[in-house]
1. With a sphere of radius 14 Å drawn around the Cβ of GLU92, what net charge do the other residues whose Cβ falls strictly inside it have (Lys, Arg +1; Asp, Glu -1)?
2. Let me check against my output: what whole-number percent is the relative contact order of the chain, with C-alpha pairs under 8 Å and at least 6 apart?
3. What ranking of ARG102, ARG37 emerges when the number of other C-beta atoms within 10 Å of each C-beta is taken as an exposure proxy, fewest first?
4. Residue by residue through the range 19-26, which ³J(HN,Hα) values in whole Hz follow from phi under the Karplus form 6.51 cos²θ - 1.76 cosθ + 1.60 (θ = phi - 60°), with glycine and proline marked x?
5. To make sure I understand the rule: partners must be lysines, Cα under 17 Å from the Cα of LYS89, and not fewer than 8 residues away in the same chain. Which ones qualify?
6. In sequence order, what are the phi-derived ³J(HN,Hα) couplings for the range 57-72 according to the Karplus relation 6.51 cos²θ - 1.76 cosθ + 1.60 with θ = phi - 60°, rounded to whole Hz, with x for glycine and proline?
Amino acid sequence: MYTPWGYRGAMHGYEGHKDDLLKRLRRAEGQVRGIARMVDDDQYCIDILTQVSAVTKALENVALSLLDDHLSHCVAEAAAQGGPVAEEKLREANQAIARLVRS
């Protein structure tokens with residue numbers, strides 16, 4: 001069954017490296033907690049900004065990995081089917097890319 005988030009019960013493109021993505025996200029989560037501690041401890045602004053830059057880069061890498069998976073799995077499968085599902089997947093991909101470029 002198709003939902004706005006994909007096919008219910010379908011395997012996602014990132015399934016093959018889900019553990020790697022989760023590890024990256026947990027690391028970024030720890031970095032964010034570290035940044036909060038730095039602010040709480042009145043650390044030097046530039047040191048905090050350096051850490052913000054590092055976590056931003058880490059999250060961008062996760063986003064690019066997910067986008068690559070989405071394009072090579074979800075969009076490719078929908079394109080092979082054609083029709084409105086393909087059009088919707090392409091629209092979603094374009095919107096996601098636009099959001100990443102703007103951020």
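Quick note: the coordinates plus some simple rules give every number you see, no bench work behind them. Everything numeric in this text was worked out from a predicted model, so none of it was measured. Glycine gets a Cβ as well: all are built from the backbone with ideal geometry, and neighbour counts include every protein chain shown.
1. -1
2. On the way: 50 pairs, mean separation 28.5, N = 103.
Relative CO of the chain lands at 28 percent.
3. Ascending Cβ contact count within 10 Å gives the list ARG102, ARG37.
4. 4, 5, 4, 5, 5, 4, 5, 5
5. LYS89 reaches no qualifying lysines.
6. Calculated HN-Hα couplings, in order: 4, 4, 5, 4, 5, 5, 4, 5, 5, 5, 5, 4, 4, 5, 5, 7 Hz.
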